[in-house]
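The values are calculated or read from the model by the stated rules, or taken from the named source; none is laboratory data. Everything quoted here is computed from the prediction, not taken from an experiment. When we count neighbours, we look across all protein chains shown, and the Cβ atoms used for this are built from the backbone with ideal geometry, even at glycine.
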Amino acid sequence: MKGLGVVGLAVISPCAFSLATGDNKPLPRVRLKLSDYQTFHSTCAMECLHCNLTAYVYQGELMKIEANQDFNVKCCLRGMSRTKWVYHQQRVKTPLLRVGEKGEGKFKPISWDDALNLIEKNIRETIEKHGNKGMLISTHAGNMDSIKNDMGKAFFDYLGGSTKQAGSLCCSAVTAAMMPMVGLRYADMRDTLSQSRYILCWGNNPAVTMQAYFKEYLAAQKNGARIVVIDPRFNETAAKADEWIPIVPGTDTALALGMIKIIMDERLYDADFLRGHTGATYLVSPQQQQLREDASDANSYLVYDTLSKRTVRHDLPDIIPALTMDELPPNAGYTTVFELIRAESAQWDLSKVEAETDIPTGTILRLAREYASNKPSMIVQNMSGAQRTEFGTYVAASQFYLALLTGNMGNAGGGVCDAGGAKQMMNFNAPVPPAPNVQKIPPIPVSKVGDWIVNDRPHPINFWWIMTMGVLTQLPNTNMVKKALKKVPFVVVADNLMSSTTLYADLVLPVTTIFEDLSLMAGVRSHYVQLMEKAVEPQGEAKPDYWIFARLAERFGFGEVFNQPIEHYIDACLKGTGITRERLSKGPIKPVEFPWIPFKDGIFRTPTKKAHFFIEEWQKKNFAPIVTYMQVNESPKGSPELAKKYPLMAVQRKLARSIHSSHGMNEWILEVQRNQPNVLIHPEDAASRHIKNGEWAIAFNHRGEHRAIAVVTRQIKKGVVCLDNGWWEQQGGSSSHVTNDLVEVLGTGHCCNSTLVDVRAEG
């Protein structure tokens, strides 16, 4: 709490003192008026909700940051402490060339010309010796503005192409479910949370991960809504909720199928919605093929019309398609998608679901009935930890099954609350035109970056560009990632701070933070389009990422594509939207009327405008086209021999102190929050291992070790431990040292929450 004095000054008093300066000048004892400050607006650009921020600048110094009072969500400590990011002691202020061994962190300053010469030389040598496939670019969510990552990927495309990462550490499974089912990813319902009557937070913790919107949850609760949390951990949301339901990690689809069985058996489904707005009525052959009127027309699905007693196209007017088996003719030789779902869920009676999930049968029964009966009901998915497992696509899809079966889609207060931003409402352009003649190069699954580079899969990597991503703290299997960083001959890391990944770089490039350059936010997290204004000059020789790519593009003969003023690229992104820089300079703009309801009135973004249950894309990969439960491999039941060595299931949690690893070394946050990682362990698991509360413990497996303070608590399910995400190597190392690096089978995603470990007391 000692930091509250400092942060309180930053947050409360725009007319008090300067809190930090670039050269550690003494704090001026000058009482300032608001009129003495210049104000500028920007947004936290990490993978969060992109709250709008106001910067107060006096005599060229960033003095404090606060939430924009006209914005409908309020920024948190992380946003307000960005002052300490700009003026951080570990700020990278000049290009740095490695002079020691990788990992030692020994560098010498060099000029930008020398840095650019080195980059050009290594790119040319790589293309000559290995081809374009020898270059890898890694980007992620450290900066999600509309310019920088796109410019980086485009630069390598203009070179002819490069190896890229496939999938996502966050939510590839959600994408693999949503796109074929409802036709749109990043479509969320958070605008109408307060109107919900029943909120099911499934495998996530919105009190932390949707902090700026949590006021809407509380408003719903005040209006009579019930909030239920399904999670192995009693998290911060559970502390505010009406009920916590602990579950065995990796068994969420079994629970969903059990709920579906109850909903079907008790006819709690919305038959009219299913007939009119979904593919539940599509006919399927005994060979598990959807029937079509015309094989050349993918959208000509057939249904059985109960009025005319014949099979017809699903989109004919004035028909009532059969939903259930008893509505089909005898010996029809086909069935409906709805009946396939019924057959899949039929095996999941209450006792079987309890045996798999460890949730009591009475709780399962009540949960299904409450969810189906209290409309509108909302499932909060939000890239949940539940889908970060080997079969996470089925987890995400099962939640959409529940929402669609009960008609909880397209209405205020209902649906599945995912992450979503302005891009779901309006089309925005890329900042530069597509590159000509881009080679088709096999990508590397993001979870396997370390392993595949070490083993030269699918080909050797000679040059690695890393930006907006902490590969050493976020990629699974950290020790393998270290080997990869050491193996690649030339690694470039563009960063603001001397992060964990920079320790293994050959060349570190200083890049700007927000408030040090001009950019645009029109993305997949905030519902608002925002201008990111430059408030202060960059520290040292830091440059925007787009400046770096412009200088390199000039050396490779396509400079005119990248070296236009930044305003040119912002305008290019906004072209055709009706939104202009002039309008944005007056404040954030929401592209549509508030509140936003995706799939309003049951109109989906698929070609048929209906939601689909039977997913042929999964079938083409030799997986069931209907949601099914599959036991995750790395679990006590999936790998009993491995579980003898590592009997505890480990799950990851996000913290209010950081966004992934961003802000991980912010000194204000380390004072106000905590500066050491924790491992949550059940008292019985701790006692058998002689682990005491508050003492150091080590989580370990065949991949590595993670050291943390033991928190012995019944707020974690027995047989499960919870590890913190986001700690830096300089702070002792990330929990990713032990996390599973398997690839999620349908979405090419991350399996961190199907990980086996054991824990021992230190010493």
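Numbers below:
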{"read-out": "Some residue of segment 556-570 being over 30 Å from ASP270 (Cα atoms), touching a His at 6+ places or on another chain (Cβ under 6 Å) and assigned to a loop (DSSP other than H, G, I, E, B)", "value": "no"}
{"read-out": "Candidates GLU47, GLU128, GLU104, GLU66, filtered to the one that is acidic (Asp, Glu) and surrounded by 21 or more Cβ atoms within 10 Å (Cβ to Cβ)", "value": "GLU47"}
{"read-out": "Segment 564-609, residues that are among the basic types (Lys, Arg) and over 26 Å from the mean Cα position of the chain (by Cα)", "value": "LYS575, ARG581, ARG583, LYS586, LYS609"}
{"read-out": "Residue match in segment 360-378 (condition: within 21 Å of the chain's Cα centre (by Cα) and outside any loop (DSSP other than H, G, I, E, B))", "value": "yes"}
{"read-out": "Which listed residue is surrounded by 23 or more Cβ atoms within 10 Å (Cβ to Cβ), under 26 Å from ASP506 (Cα atoms) and either over 22 Å from the mean Cα position of the chain (by Cα) or of a type outside the set (Val, Ile, Thr) (or both), from MET189, MET151, MET178", "value": "MET151"}
{"read-out": "Options ASP252, ASP270, ASP191, ASP242: the member that is of a type in the set (Asp, Glu) and under 20 Å from VAL395 (Cα atoms)", "value": "ASP252"}
{"read-out": "Residues (closer than 29 Å to THR175 by Cα, in contact with a strand residue (DSSP E or B) (Cβ under 8 Å, 6 or more places away or on another chain) and in a loop (DSSP other than H, G, I, E, B)) located in segment 727-757", "value": "SER734, VAL738, THR739, ASN740, GLU744, THR748, GLY749, CYS751, CYS752, ASN753, SER754"}
{"read-out": "Test: VAL757 is out of contact with any helix residue (DSSP H, G or I) (no Cβ under 9 Å at 6 or more places or on another chain) and either among the β-branched types (Val, Ile, Thr) or closer than 28 Å to THR393 by Cα (or both)", "value": "yes"}
{"read-out": "Segment 452-461: number of residues that are touching a residue at least 12 places away in the same chain (Cβ under 8 Å) and surrounded by fewer than 21 Cβ atoms within 10 Å (Cβ to Cβ)", "value": "5"}
{"read-out": "Any hit, segment 516-525, residues being of a type in the set (D, E, K, R), touching a Gly at 6+ places or on another chain (Cβ under 9 Å), touching a residue at least 12 places away in the same chain (Cβ under 8 Å) and farther than 16 Å from ASN52 by Cβ", "value": "no"}
{"read-out": "Whichever residue in segment 703-726 is assigned to a loop (DSSP other than H, G, I, E, B) and at pLDDT 95 or above and, among such residues, is farthest from LYS482 (Cα to Cα)", "value": "ARG714"}
{"read-out": "Positions within segment 194-219 being without any contact (Cβ under 8 Å) to a residue 40 or more places away in the chain and touching a strand residue (DSSP E or B) at 6+ places or on another chain (Cβ under 8 Å), in sequence order", "value": "TYR217"}
{"read-out": "Count - residues of segment 611-643 that are under 23 Å from GLN287 (Cβ atoms) and among the basic types (Lys, Arg)", "value": "2"}
{"read-out": "Residue within segment 724-731 that is under 30 Å from LYS620 (Cβ atoms) and within 22 Å of the chain's Cα centre (by Cα) present", "value": "no"}
{"read-out": "Some residue of segment 620-640 being modelled with pLDDT of 95 or more, among the hydrophobic types (A, V, I, L, M, F, W, C) and outside any loop (DSSP other than H, G, I, E, B)", "value": "no"}
{"read-out": "Residues within segment 49-91 that are outside any strand (DSSP E or B) and either farther than 23 Å from PRO510 by Cα or not hydrophobic (A, V, I, L, M, F, W, C) (or both), tallied", "value": "25"}
{"read-out": "Residues being among the aliphatic types (A, V, I, L, M), in a helix (DSSP H, G or I) and buried (at least 16 other Cβ atoms within 10 Å of the Cβ) - total across segment 647-696", "value": "4"}
{"read-out": "Some residue of segment 538-548 being surrounded by fewer than 18 Cβ atoms within 10 Å (Cβ to Cβ) and either in contact with a His (Cβ under 8 Å, 6 or more places away or on another chain) or not in a helix (DSSP H, G or I) (or both)", "value": "yes"}
